[in-house]
Amino acid sequence: MFIQTEATPNPATLKFLPGQTVLDAGTADFPSAETAGKSPLASRIFDVSGVTGVFFGNDFVTVTKADSVDWDHIKPAILGAVMEHYQSGAPVLEGEAPTAASGHAAHSGEDTEIVGQIKELLDTRVRPAVAQDGGDITFHGFDRGVVYLHMQGACAGCPSSTLTLKMGIENLLRHYIPEVTEVRPVLA
């Protein structure tokens, strides 16, 4: 098994590509070791000292490290954990597999049509781009022109995330949906 790695715009995260499907549908975010209980793979990765977050996409695993740790010291152990997991035959997630759900928060009310347009633009224009960088962005809410987005994986805590939100996503949404006035991040 050959596992490739890619840098992400966030220096605290690294994208691991095992060359096989990680999740058939959706994404899975483990922002701490305590949240990794349902994932044998995430649990193995969290066993590596210095790992502070794990995120799964369709064909990648994004790992976030503590600032005090150097990638040169923990990358080999993470590669070993991923390889051991796939050789063990254990599932990536125990119990129910994630559904093909969008990951977006539900929204009802008078802005339903606008929210539908926001989600469509996120799914077709934004999420494929941020997945390439090892992350995901999902809709969290819409209130009086302000769109609230949840950033996951490499996007969470990325130094360039504010620029991505303001210059990229906000401009895109404002261009296509005049009712949008601002985009703000939310913490999980």
- line: For the chain, longest principal axis from Cα atoms; helix 112-121 axis from its Cα atoms; angle between them, nearest 10 degrees, is 50
task: Can you tell me the 0 to 90 degree angle between the C-alpha axis of helix 71-88 and the longest principal axis of the chain, rounded to 10?
output: 80
- prompt: How far is the Cα center of region 34-100 from the Cα center of region 152-177, in Å?
  reply: 26
query: Share of antiparallel DSSP beta bridges in the chain, in percent to the nearest 5?
result: 85
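Got a sec? How would 21, 138, 64 order by Cβ neighbour count within 10 Å, fewest to most?
Sorted ascending by nearby Cβ count, the order is 21, 138, 64.
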- line: Residues meeting the amide H criterion for residue 154 (H placed from the backbone, H to H distance under 5 Å, 5 or more places apart or on another chain) are 135, 136
field: lysines with Cα under 26 Å of residue 119, excluding same-chain neighbours fewer than 8 positions away
entry: 15, 166
Compactness of the chain, expressed as Rg and Dmax over alpha-carbon positions, Å: 17.1, 52
statement: Between residue 5 and residues 5 or more places away or on another chain, the pairs with built amide H atoms under 5 Å apart involve 17
- request: Would you work out the relative contact order for the chain, in percent, from Cα pairs under 8 angstrom that are 6 or more residues apart?
  value: 22
- request: Restricting to region 112-186, compute how many DSSP beta bridges are antiparallel as a %, nearest 5.
  value: 60
statement: For region 138-188, shape from the Cα gyration tensor axes a ≥ b ≥ c, cut at a/c of 1.5 then a/b versus b/c, turns out oblate
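Order of 142, 55 from fewest to most other C-beta atoms within 10 Å?
Working: 142 21, 55 26.
Fewest-to-most ranking of 142, 55: 142, 55.
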task: Compute the FRET efficiency between residue 33 and residue 143 as 1/(1 + (r/R0)^6), taking r as their Cβ-Cβ distance and R0 = 45 Å, and round to the nearest 0.05.
output: 0.85
Residue-span extension gain [residue 72 to residue 25] - 0.36 nm each, minus C-alpha spacing: 13.8 nm
- prompt: In region 124-143, which residues have a backbone nitrogen under 17 Å from the label point lying 7 Å from residue 6's Cα in the Cα-to-Cβ direction?
  reply: 125-137
field: Residue order, fewest to most beta carbons within 10 Å, for 83, 1
entry: 1, 83
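Taken together, the values in this text are just the output of simple stated rules run on the coordinates, not laboratory data. From a predicted model like this one, the values you see are computed outputs, not experimental measurements. Quick reminder, even Gly has a Cβ in these numbers, built from the backbone with ideal geometry, and neighbours come from all protein chains shown.
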